[in-house]
Amino acid sequence: MTVRTRILVLLSAVVALAAVAVASVLHASARAEHRDQAQAGGQPVTAGNVTLTTPDRMVFRNMAWGPHRDELTTVPASHPSAARTASGLKCLRFYAASGTGVCLQAVHGAVADTYRAVTLDAGLHIRRHYDVPGIPSRARVSPTGHFAAWTAFVGGDSYAGTNFSTRAAIVDVRTGRLIPTLETFRIVKGGRPYRSSDANFWGVTFASDDRTFYATLATKGSTYLVRGDLRTRTVTTLHENVECPSLSPDGTRIAYKKRVKGLPKEAPWRLYALDLHTMRETPLAETRSVDDQAVWKDDRTVVYSLPGDYGADLYEMPSDGTGRPRRISTSAVSPAFIG
């Protein structure tokens, strides 16, 4: 091949790559514009009044394309496919309990986005806001509504690998007092004090006593379920290979995602339930990889999200390992069950 031919081949390749890039940008731009238009056949969404005290409601982030995309939206919990009422408040992640909400938001800047957490009253009015040092990932409120927690990625953007860092924070909603990172808590591992510069926390879930919480601790390539004490500022390891725990309403079980050997590195999890008294694990019926912090609809049912055509869809299934997954809502994520 002559030099001239090589140059022509190289130029042709550059032109082809440029054309692909331009087409991708135009496609993405067109798709972004369509997000402001309601999807054909989608559930109707209209503006209205949304509160965190109306019983038998599910409040969630609406991901359906249209003017109310990303807004907190509500439907009857007993009829999750019903027409949606949108609040006007946008959140990336959300949770609520006992009339208190926490909403993780993007703040769009001229150069780059920043993020913040806002605590909400029952009418979705902002109480306080806090800077979040990375991309929002998880959010929870205690059963009493007195505490809120959130997790953000401060390095990396996926739980699938091991090259990431998170920051988990807890705030007393009543006083506004913030614990900016659980990394300041004393760690007890295997019955002994433990220290490591790579200790990493995420996925807080609260008990009903305004003192106890559970979370994931990652260190030295392993993950652990820890029980935390807000008074003594201590976390104690309980069980290995637990991520994104979620405590059942009766406080007896943890739903979580577990890494299972033999699964792809980018999709390594299966959902399990852990009995906190016996430490017995039960695999749940969902066979797809779930990268979510599940929510308990009641003491028998867990709800979680999986990727969908418009971002994510919500599924539910029994927590005892029986039954099968059932899709309950499309274009929805971050649910909270009220009442």
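The values are calculated or read from the model by the stated rules, or taken from the named source; none is laboratory data. Since the structure is predicted, the reported quantities are computational estimates derived from the model, not experimental observations. With ideal geometry, Cβ positions are generated from the backbone for all residues, glycine too; neighbour counts draw on all protein chains shown. Only protein heavy atoms, including side chains, enter the accessible area calculation; ligands, DNA and RNA are left aside. Shrake-Rupley method; radii C 1.70, N 1.55, O 1.52, S 1.80 Å.
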Problem set entry | Phi to ³J(HN,Hα) by Karplus 6.51 cos²θ - 1.76 cosθ + 1.60 over region 300-315, Hz, x for Gly, Pro | 10, 9, 10, 10, 7, 10, 9, x, x, 4, 10, x, 7, 10, 9, 10
For this session: Compare Ala77, Ala110, Ala294 in a GNM of the chain, Cα atoms joined below 10 Å, and give the one with the largest fluctuation.
Result: Ala110
Exercise. Are there cysteines in the chain with no second cysteine's Cβ under 4.7 Å away, and if so, which?
Worked result: Cys244
Exercise. Across all directions of projection, what mean area in square nanometres is found for the Cα convex hull of region 70-113?
Worked result: 4.1
Seminar exercise, completed: Counting only residues 5 or more apart in sequence or on a different chain, those whose built amide H sits under 5 Å from that of Lys297 are Val302, Val303
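To the nearest µm²/s, what D does Stokes-Einstein give for region 95-174 at 25 °C and 0.890 mPa s, using the Kirkwood radius over alpha carbon pairs as Rh?
On the way: Rh = 13.1 Å.
Once the numbers are plugged in, D ends up at 187 µm²/s.
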Exercise. In Å, what Rg and Dmax follow from the Cα atoms of the chain?
Worked result: 21.8, 78
Seminar exercise, completed: Quick calc of log₁₀ I(q)/I(0), region 172-253, Debye, one scatterer on every Cα, no solvent, q values 0.16 1/Å, result -0.58
Exercise. Per the 1.4 Å probe, what fraction of the accessible area of region 275-339, in percent, lies on carbon and sulfur atoms?
Worked result: 44
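Which shape class applies to region 96-254: rounded if a/c is under 1.5, otherwise prolate when a/b exceeds b/c and oblate if not, where a ≥ b ≥ c are the square roots of the Cα gyration tensor eigenvalues? Don't jump to the answer; show the numbers that get you there.
Numbers: a/c = 1.89, a/b = 1.20, b/c = 1.58.
Here region 96-254 falls in the oblate category.
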For this session: Report, to the nearest whole %, how much of the accessible area of region 55-129 belongs to carbon and sulfur atoms, 1.4 Å probe, protein only.
Result: 52
Seminar exercise, completed: Expressed in µm² per second, the diffusion coefficient of region 34-162 from the Stokes-Einstein equation, with Rh the Kirkwood radius over alpha carbon pairs, at 37 °C and 0.692 mPa s, is 211
For this session: Choose one answer from Arg326, Arg167, Arg280: the residue with the largest mean-square fluctuation in a GNM of the chain with alpha-carbon springs under 10 Å.
Result: Arg280
Seminar exercise, completed: Contour minus Cα-Cα span, Asp172 to Thr232, at 0.36 nm per residue, comes to 20.1 nm
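Hey, with R₀ at 45 Å, roughly what FRET efficiency would Asp309 and Ser197 work out to, going by the Cβ-Cβ distance, to 0.05? Don't jump to the answer; show the numbers that get you there.
Values: r = 42 Å, r/R0 = 0.94.
Plugging the Cβ-Cβ distance into 1/(1 + (r/R0)^6) gives 0.60.
If one computes P(r) from the Cα atoms of region 257-339, what percent of pairs lie at distances over 21 Å?
Details: 972 of 3403 pairs.
Of all Cα-Cα distances in region 257-339, 29 percent exceed 21 Å.
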Exercise. Around Val118, what is the net charge, scoring Lys/Arg as +1 and Asp/Glu as -1 over all other residues with Cβ under 13 Å from its Cβ?
Worked result: +3
Problem set entry | Estimated vicinal HN-Hα couplings, Hz - region 44-56 in sequence order (Karplus 6.51, -1.76, 1.60; Gly, Pro = x) | x, 10, 10, 5, x, 8, 10, 10, 9, 10, 5, x, 6
Problem set entry | Principal-axis tilt of helix 3-34 within the chain, Cα atoms, nearest 10 degrees | 50
For this session: Springs between alpha-carbon atoms under 10 Å, Gaussian network over the chain: tell me which of Thr205, Thr151, Thr234 tops the mean-square fluctuations.
Result: Thr234
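With every protein chain kept in place and ligands, DNA and RNA left out, what is the accessible area per residue of the chain? Probe 1.4 Å, answer in Å².
On the way: 16610 Å² over 339 residues.
Result: 49 Å² per residue.
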